[in-house]
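Student: One structure, as structure tokens, below. Some questions next.
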Amino acid sequence: MSTPKIESILLDSSIPKDLISIAEKVYSQERITFEEGLLLYEKGELGYLGSLANYIREKKHGNAVYFNRNFHIEPTNMCVFDCKFCSYSRLLKQKDDAWELSEEDILKLVHNYDGKPVTEVHIVGGVHPKMGLQYFADLIKKIKSFRPDIHVKAFTAVELEYMCRKANVSYEEGLRILKAHGQDSLPGGGAEIFDEEIRKQICNDKCTSAQWLEMHETAHKLGMPSNATMLYGHIEKFEHRVDHMDRLRILQDKTKGFNTFIPLKFRNKGNQMSHIKEVSVVEDLRNYAVSRIYMDNFAHLKAYWPMIGRVTTQISLAFGVDDIDGTIDDSTKIYTMAGSEEQSPALTTQQLVEMIKQVKRTPIERDTLYNVITDYTNYDFSKEEVTV
Ligand code: V47
Ligand code: SF4
């Protein structure tokens, strides 16, 4: 899949003048404004947006597509909050299909990867009142005691805000404790849509947008990088997406602490917003492209493959995306329960590499901080003793 080169967009007289002027800005690597971001969503057709986004993506990363070898731990799906889009959580009183892993269960999950070349564990789950700051700090310390090499990317700002509030410590104190016990970075979840009116309707009771941004700003100040997500395709309007990205772009100018922006497509199975129709794949691709164009100070744009499926992920690589997350090893239920294509998300490194090569890109295994581990251009998998 490829889109026209940006140079041919610049000369195309059938494209409206205001869109040409945005293309010129992109071509000269200038930042676009809020209004221009909105115009892209309202008027930019798929091919045009893809050309601009691919130009930026190739300027930043050439032909590279990044992935990592990772697994998730979801300690519990019991949650004190009641986000309307969530298919995964169970209220504390709903015991039927709720789970709550013990510390022993969690450590066993990590031990499953003894001797295997995974580089990251992503720990995220429901917000359980009994699993507090010290519990998680001790857990991370135990994980690091036998797996010091693994990067611990853990807890959304929503979980962290609750932990700090319960432990009666500031965000800075809470994050310092977790960092001292081995937490390396924060994932991007819990951001949803920052617009306060939309947030009130879809996730009224969890941390506010200001708290989410403050938590990430504090993490960055302490030298803990993070990611940022945006849940799109539900009741939000285009202006709310641009507002969301704008707030992130402003914080990134200040801290430079975000690694990756991850748009997350709303999936409508088994939640309180099931009456809302999911957006099309074309809208997913348009959204990746506008994100790449707008978020000029974010190095990476991730398509989370378990959410959108393998084929859309492959196509997204022509619409601004340079990262597709990792092997996952069927260790997450968040999207499976919300109706995503991938009901048992697991890909071996070889399968990820083949997926990327099929669309003529260069597969690069990275660590969480985007240090290059292996360039798979001419890699011979038959030599691997242990595969993941
Ligand atoms: O914040 C919940 C989303 C997020 C649904 O940082 C849903 O590398 C769609 O943030 N439809 C948590 N989305 C997961 C997350 C994440 C995932 C992968 C990588 C990283 C990273 C972070 O999942 C939540 C929420 O926005 N979510 N329910 C749903 N029905
Ligand atoms: Fe709880 Fe997170 Fe689900 Fe909200 S999205 S209900 S905070 S698990």
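Student: Provide the packing ranking of 349-361, 221-233, i.e. peptides ordered by the mean count of other C-beta atoms within 10 Å per residue, highest first.
Tutor: Final packing ranking: 221-233, 349-361.
Student: Sequence-distant or interchain residues sharing an amide H contact under 5 Å with GLY188, placed H: which?
Tutor: ASN227
Student: Quick one: compute the contact order of the chain, relative version, from alpha carbon pairs under 8 angstrom and 6+ residues apart, as a percent.
Tutor: This gives 22 percent for the chain.
Student: Moving to a separate point now. Once phi is turned into ³J(HN,Hα) by the Karplus curve 6.51 cos²θ - 1.76 cosθ + 1.60 with θ = phi - 60°, what whole-Hz value does each residue of the stretch 222-235 show in order, with x for glycine and proline?
Tutor: Once θ is set to phi - 60°, the couplings for the stretch 222-235 become 8, x, 9, x, 7, 10, 9, 10, 9, 8, 10, x, 10, 9 Hz.
Student: Which percent of the Cα-Cα distances in the stretch 24-134 go past 20 Å?
Tutor: Of all Cα-Cα distances in the stretch 24-134, 64 percent exceed 20 Å.
Student: Let me ask something else about it. Among 110-119, 313-322, how do they line up by average Cβ neighbours within 10 Å per residue, starting with the highest?
Tutor: 313-322, 110-119
Student: What does the convex hull of the alpha-carbon atoms of the chain project to on average, in nm²?
Tutor: Approximately 18.3 nm², given one-decimal rounding.
Student: Of all DSSP beta bridges located in the stretch 64-383, what percent are antiparallel, nearest 5?
Tutor: Expressed as a percentage, antiparallel bridges in the stretch 64-383 total about 15.
Student: So which trypsin sites (Lys or Arg not before Pro) in the stretch 113-206 pass both tests, a DSSP loop state and at most 13 other Cβ atoms within 10 Å of the Cβ?
Tutor: LYS130
Student: In addition: Considering the Cα trace of the stretch 144-234, what is its radius of gyration and what is Dmax, both in angstroms?
Tutor: 13.8, 45
Student: Please report how far the C-alpha centroid of the stretch 308-383 lies from that of the stretch 149-164, rounded to the nearest whole angstrom.
Tutor: 24 Å
Student: Can you spot the aspartates and glutamates whose alpha carbon is less than 14 Å from LYS200's alpha carbon? Ignore those fewer than 8 places along the same chain.
Tutor: LYS200 reaches ASP82, GLU192, GLU236.
Student: Using 30 Å as the Cα-Cα cut-off, could you pick out the over-long pairs in LYS108/LYS357; LYS108/LYS333; LYS25/LYS221; LYS130/LYS153; LYS5/LYS333; LYS179/LYS254?
Tutor: Numbers: LYS108/LYS357 35 Å; LYS108/LYS333 18 Å; LYS25/LYS221 32 Å; LYS130/LYS153 21 Å; LYS5/LYS333 39 Å; LYS179/LYS254 22 Å.
In this structure, LYS108/LYS357; LYS25/LYS221; LYS5/LYS333 lie more than 30 Å apart at Cα.
Student: Counting only residues 5 or more places away or on other chains, whose amide H sits under 5 Å from the amide H of ILE73 once H atoms are built in the peptide plane?
Tutor: For ILE73, whose amide H was placed from the backbone, the distant partners under 5 Å are HIS122, ILE123, VAL124.
Student: Using the Kirkwood formula on the Cα atoms of the stretch 6-61, what hydrodynamic radius do you get, in angstrom to one decimal? Please list the in-between numbers first.
Tutor: Numbers: mean 1/r = 0.0885 Å⁻¹.
For the stretch 6-61, inverting the mean 1/r across all distinct Cα pairs yields 11.3 Å.
Student: Taking the stretch 1-80, which GluC sites (Glu not before Pro) meet the DSSP loop condition and have no more than 13 other C-beta atoms within 10 Å? Please report the intermediate quantities before stating the final value.
Tutor: Details: sites: GLU7, GLU24, GLU30, GLU35, GLU36, GLU42, GLU45, GLU58; in loops: GLU30, GLU45.
Loop-located and lightly packed - GLU30, GLU45.
Student: For the chain, can you list the cysteines whose C-beta has no other cysteine C-beta under 4.7 Å from it?
Tutor: Cysteines lacking a close Cβ partner in the chain: CYS79, CYS164, CYS207.
Student: Between ASP330, ASP253, ASP97, find the one with the highest GNM mean-square fluctuation for the chain; connect C-alpha pairs within less than 10 Å.
Tutor: ASP97
Student: Name the trypsin sites (Lys or Arg not before Pro) in the stretch 236-297 that are in a loop by DSSP and that have at most 14 other C-beta atoms within 10 Å, would you?
Tutor: LYS237, LYS256, LYS269, LYS277
Student: Taking the alpha-carbon centroid of each part, what is the distance from the stretch 195-238 to the stretch 87-132 in angstrom?
Tutor: One Cα centre to the other: 23 Å.
FYI, it's all coordinate maths here, none of it is from the lab. These figures come from a predicted structure and were not determined experimentally. All Cβ positions, even for glycine, are placed from backbone atoms using ideal geometry, and neighbour counts span all protein chains on display.
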